[in-house]
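The values are calculated or read from the model by the stated rules, or taken from the named source; none is laboratory data. No experiment lies behind these values; they were computed from the predicted model shown. Don't worry about glycine lacking a Cβ; one is built from the backbone with ideal geometry, like all the others, and counts go over all protein chains shown. Note: areas computed on protein heavy atoms with side chains; ligands, DNA, RNA excluded. Shrake-Rupley method; radii C 1.70, N 1.55, O 1.52, S 1.80 Å.
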Amino acid sequence: MSRGYLVAGNWKMNGSSASNAALVEGLLRGIAECPAIDVLVCPPALYLDAVRRHIGAAPIAVGGQNLSDEREPGAYTGELHASMLNDVGCSHVLVGHSERRTLYGENDACVARKFVVARAGGLIPVLCIGETLAEREADQTEIVLKRQLDAVIAAAGIGAFINAVVAYEPVWAIGTGRTASVEQAQAAHAFIRGVLAANDAKIANSVRLLYGGSVKADNAASLFSCEDVDGGLIGGASLKAPEFLAICASAQILAASLDA
């Protein structure tokens, strides 16, 4: 696999100046042991600049958790323009996280606009897609995933997925302790890659697909071993340096074995 592994931590609405500094220090002490993978952290917007400065030259990228769908800066109180994230050193931004979709009403069209704006602003979008428990139980998983992907492809074009990232988040497995089985994860990721491949096979093979849904140190290796899983989008476990580093270590071992 030439895509390489990416382990991304979404800190959500957690942290303080002191706890963030301690977390970053913990990561800095262990990240050198994972040279074969890419690592990303997404702190709350208020702390992006401080975290980026604390990381310094260490191989940890920083991303935003959200951005405005407006193309130009202006009178949008409380919003963040893509250029602002870029200005404080962000390379990535989460787009369409399930919590944004379910709690804040971001529909497919809104998510697609954010993807386009992120790209225009020089950011790598991490497009989050996934089904709810009700949708899975109704055998709607593939219909939902295709609808969410097609909305972005229609708005941005398949070319916009070059170097982009897609994170599959089964909503029923986020923060619940439930995790998709290895077979369920691989099936969803293979389907996602297939939807992309129907538009451009070469681009589809280059897109990193992450699994996000209660990934922990004890299940990371089995999930990351799937053919179409290229890492993880980690929630709660990313707030504890030892746990997050253990997940990174799982990806590192797999990456090293592929390079051997």
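Given the criteria under 28 Å from residue 253 (Cα atoms) and not aliphatic (A, V, I, L, M), does residue 99 qualify?
So residue 99 fails the test.
For residues in segment 215-247 being open to solvent by 40 Å² or more (accessible area, probe 1.4 Å) and in a loop (DSSP other than H, G, I, E, B), which is farthest from residue 19 (Cα to Cα)?
By that ranking, first place goes to 227.
Going by the conditions given, is residue 145 outside any helix (DSSP H, G or I) and farther than 17 Å from residue 116 by Cα?
In short, no.
Take the residues in segment 159-181 that are in a helix (DSSP H, G or I) and either without any contact (Cβ under 8 Å) to a residue 24 or more places away in the chain or open to solvent by 30 Å² or more (accessible area, probe 1.4 Å) (or both), then tell me which one is nearest to residue 95 (Cα to Cα). Give the steps one after another, and end with the answer.
The initial filter retains those residues of segment 159-181 that are in a helix (DSSP H, G or I), namely 159-161, 171-173.
From what is left, the residues that are either without any contact (Cβ under 8 Å) to a residue 24 or more places away in the chain or open to solvent by 30 Å² or more (accessible area, probe 1.4 Å) (or both) are 159, 171.
On the way: 159: 17, 171: 15 Å.
It comes out as 171.
I want to confirm something. Restricting to segment 1-54 and keeping residues that are in contact (Cβ under 8 Å) with a residue 40 or more places away in the chain and among the basic types (Lys, Arg), which single residue is nearest to residue 255 (Cα to Cα)?
Applying the filter and picking the extreme gives 3.
Keeping to segment 193-212, report how many residues are outside any loop (DSSP other than H, G, I, E, B) and more than 9 Å from residue 158 (Cβ to Cβ). So that I can check it myself, show each step before the final result.
Pass one, segment 193-212, residues outside any loop (DSSP other than H, G, I, E, B): 193-197, 201-206, 208-211.
Checking the rest, the ones that are also more than 9 Å from residue 158 (Cβ to Cβ) come to 193-195, 197, 201-202, 205-206, 208-211.
So the answer is 12.
Could you identify the single residue in 71, 3, 52, 29 that is of a type outside the set (Asp, Glu), farther than 22 Å from residue 126 by Cα and open to solvent by 20 Å² or more (accessible area, probe 1.4 Å)?
None of the others qualify; the one that does is 29.
Does segment 56-65 hold any residues that are on the phi < 0 side of the Ramachandran plot and open to solvent by 10 Å² or more (accessible area, probe 1.4 Å), and which are they?
Hits for segment 56-65 are 57, 58, 59, 61, 65.
Pull out all pairs, ordered by first then second residue, where Cβ-Cβ is under 6 Å, the residues are six or more apart or on different chains, the first lies in segment 120-137 and is in a helix (DSSP H, G or I), and the second is of a type in the set (A, V, I, L, M).
What qualifies is 135/144.
Let me spell it out: the conditions are (1) surrounded by 19 or more Cβ atoms within 10 Å (Cβ to Cβ); (2) within 23 Å of residue 125 (Cα to Cα); (3) not basic (Lys, Arg), and residue 250 meets all of them except one. Which number is the exception?
(2)
Is it the case that residue 137 is modelled with pLDDT under 95, among the acidic types (Asp, Glu) and over 18 Å from the mean Cα position of the chain (by Cα)?
The answer is yes for residue 137.
Which residues, counting only those in segment 6-46, are under 13 Å from residue 230 (Cα atoms) and out of contact with any Asp or Glu (no Cβ under 6 Å at 6 or more places or on another chain)?
Scanning segment 6-46 gives 7, 8, 36, 37, 38, 39.
When only residues in segment 81-114 that are of a type in the set (A, V, I, L, M, F, W, C) and open to solvent by 60 Å² or more (accessible area, probe 1.4 Å) count, which is farthest from residue 213 (Cα to Cα)?
My answer is 84.
Could you check how many residues of segment 182-214 are open to solvent by 10 Å² or more (accessible area, probe 1.4 Å) and in contact (Cβ under 8 Å) with a residue 24 or more places away in the chain?
Counting residues in segment 182-214 that are open to solvent by 10 Å² or more (accessible area, probe 1.4 Å) and in contact (Cβ under 8 Å) with a residue 24 or more places away in the chain gives 13.
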